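Worksheet for the structure shown next.
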Amino acid sequence: MKCKLILLLLVLASCMQNVAQTGTNITLTADVQQIPEQGFSISYMRSIVRGFEFDKNKHAECTIEDFDYLYVTIHNGFKEVKLMYLEKGDNVNLTFDGESMDKSLIITGICKQIQDYLDNINIQWTPDSVFAQEIPEFINSLKNLVAENQKGLDKHSNEINKVNKNFIKREKARIKYMMGLSILDYARAHPSMAKLRDYKPGQDYYDAILAWMDEDPDFLDIHEYRTVVTEGIAFVLSNQGPIRSPYEKVMQQVEYIQKHFKNEQVKQGLINFLVCSHVKAVGITHTKELIDFYNQHVTDKDLVAQFQKIYDSWTNVAPGKDAPDFQAMDTTGKKYSLKDFRGEYVCLYLWPTFQPSITEFGFLQKLRPLLEERKVHLVSLSIDQTPDSWREAIRNKDLQIGTHLFMGWDKNFLKTYHYNSNNMYQFVLIDPEGKIIETHAPRPSSGKMEEFIKISTRN
């Protein structure tokens, strides 16, 4: 008995050394021998990607806020990935040679028992043939897959439970909802796999979606849980009638959650997630009903603080606010800022020098007479990492319109304007006094910019 007690204390001490709790955030640092050629980054919640920016000592830091725990993927360019599980207060250091994580990566500040499991996990995904089954058999197949995948976790559960009482429950939920993603794909995949020409999901399909959902606040930081629950609700709502816009979708989702869910913490957590995601993506214009609903039903101080931060970031660049300044240069090295274009309308084009960004210049050429008539100065700001590709691209005669400047990847400037790298490029319209008219103007290729310019530049 004494030997067992000593062994347990050693295991606990080991984990305490590995997991250094330092506060309410998750902190990651990275030290490399050479900076990875294709970048070094982390991703989480599927849509968030953050690159490490190394200083002259090849050291980088990253802080993650607003999560009690998180599954984070490390990316060494496009060639290597590694999954980690982190909790609030963790201080994690990543050290490797900058070439191969597999050969040289050393991670300190994590629980070794959990990382050993994650390093050896082999998830069995839903085979295509299962989608040919009718709903009852399909759901049973998913449940069997969940059980089979959880067997791998069971092998590590005793050791993990000694050092972390929360992980096993959370990982079981992650596995369940990873398999649950297939339910959302069933309506699309079933007709093809079952060789059905005409197929419309029945009520049993929508009942199966709802039956898969749990109301457990401890699952709110699992991406797969958020996705299955919120998108599953959207599927159920679409069966009741067409959803015509993203705004209508999010309104119906939050109203459904408020009406049908029982656990108050889950309700507020999911409503906060949906509203924050919507506002972060599209801003606060025409969202009064949604924000009023949020203010009425979300009272948790931490959640409200998260939303307020996002809301304020949009009010700072609302129409009529002073447009953030920039620092850029032309091909001769001459420096420019927004003040150099005061007295005329300015259309900022934030773009990286590759397709489809370059294609937009062909549509801009067609708008040249209108831009000249309305005294709108096109200022194209290259956001490439280095100016080499930009200098080469703007030699193309099809790009000879407006003023070309190189700004580089100014993350603070781009963040202020809510630039989304997934959308690749962005147009911003500013009035002659340097006030914002619109931070996300229609793209020329959409066919809507001409009318937008005419309306926005009326005297």
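The values are calculated or read from the model by the stated rules, or taken from the named source; none is laboratory data. The structure displayed is predicted, hence computed values, not measured ones. Counting neighbours? That spans all protein chains shown, and the Cβs are built from the backbone with ideal geometry, glycine included. The area values use the complete protein model at the heavy-atom level, side chains included, leaving out ligands, DNA and RNA. Shrake-Rupley method; radii C 1.70, N 1.55, O 1.52, S 1.80 Å.
Observations on the structure shown:
- Under the condition of being modelled with pLDDT of 90 or more and surrounded by fewer than 14 Cβ atoms within 10 Å (Cβ to Cβ), the residues counted in the stretch 1-34 number 2.
- Odd one out for residue 315 among (1) within 26 Å of residue 213 (Cα to Cα); (2) among the β-branched types (Val, Ile, Thr); (3) open to solvent by 10 Å² or more (accessible area, probe 1.4 Å): (1)
- Counted residues, the stretch 168-183 - those being open to solvent by 30 Å² or more (accessible area, probe 1.4 Å) and of a type outside the set (Lys, Arg): 1
- Residue within the stretch 256-272 that is among the hydroxyl-bearing types (Ser, Thr, Tyr), within 28 Å of residue 68 (Cα to Cα), under 21 Å from the mean Cα position of the chain (by Cα) and open to solvent by less than 50 Å² (accessible area, probe 1.4 Å) present: no
- Of all residues in the stretch 80-113 being over 25 Å from the mean Cα position of the chain (by Cα), part of a helix (DSSP H, G or I) and not hydroxyl-bearing (Ser, Thr, Tyr), the one that is farthest from residue 65 (Cα to Cα): 103
- Residue that is farthest from residue 120 (Cα to Cα) [pool: residues in the stretch 62-78 that are surrounded by 13 or more Cβ atoms within 10 Å (Cβ to Cβ) and among the charged types (D, E, K, R)]: 66
- Inclusion of residue 221 among residues that are open to solvent by less than 60 Å² (accessible area, probe 1.4 Å), more than 30 Å from residue 128 (Cβ to Cβ), part of a loop (DSSP other than H, G, I, E, B) and of a type in the set (Asp, Glu) is warranted.
- Residues that are open to solvent by less than 50 Å² (accessible area, probe 1.4 Å) and farther than 16 Å from residue 441 by Cβ, drawn from the stretch 318-337: 326, 328, 330, 333, 336, 337
- Top-ranked residue of the stretch 143-160 - restricted to ones that are open to solvent by 50 Å² or more (accessible area, probe 1.4 Å) and among the polar types (S, T, N, Q), ranked as nearest to residue 223 (Cα to Cα): 144
- Where a residue in the stretch 281-302 is surrounded by fewer than 13 Cβ atoms within 10 Å (Cβ to Cβ) and its partner, wherever it lies, is of a type outside the set (Lys, Arg) and part of a helix (DSSP H, G or I), with Cβ under 8 Å and at least six apart: 286/247; 289/251; 299/268
- Filter pass, residue 355 being buried (at least 19 other Cβ atoms within 10 Å of the Cβ) and out of contact with any Gly (no Cβ under 9 Å at 6 or more places or on another chain): no
- Cross-chain or 6+ apart pairs with Cβ under 9 Å, the stretch 230-254 first and in a loop (DSSP other than H, G, I, E, B), then among the basic types (Lys, Arg): 243/249
- Within the stretch 53-76, the set of residues being outside any strand (DSSP E or B), over 22 Å from residue 303 (Cα atoms) and modelled with pLDDT of 90 or more comprises 54, 55, 56, 57, 58.
- Close Cβ contacts (under 6 Å, 6 or more residues apart or on different chains) running from residues in the stretch 205-221 that are β-branched (Val, Ile, Thr) to residues that are open to solvent by 30 Å² or more (accessible area, probe 1.4 Å) comprise 209/235.
- Residue within the stretch 241-250 that is open to solvent by less than 10 Å² (accessible area, probe 1.4 Å) and either touching a Pro at 6+ places or on another chain (Cβ under 7 Å) or not hydroxyl-bearing (Ser, Thr, Tyr) (or both) present: yes
- Test: residue in the stretch 152-170 that is closer than 18 Å to residue 213 by Cα, of a type in the set (A, V, I, L, M), in contact (Cβ under 8 Å) with a residue 12 or more places away in the chain and outside any loop (DSSP other than H, G, I, E, B): no
- Of all residues assigned to the stretch 403-411, at least one qualifies as being touching a strand residue (DSSP E or B) at 6+ places or on another chain (Cβ under 8 Å), in a loop (DSSP other than H, G, I, E, B) and not aromatic (Phe, Trp, Tyr).
- Residue check: residue 98 meets all listed conditions (1) in contact with a Lys or Arg (Cβ under 9 Å, 6 or more places away or on another chain); (2) surrounded by fewer than 18 Cβ atoms within 10 Å (Cβ to Cβ); (3) over 26 Å from residue 269 (Cβ atoms) but one, namely (2).
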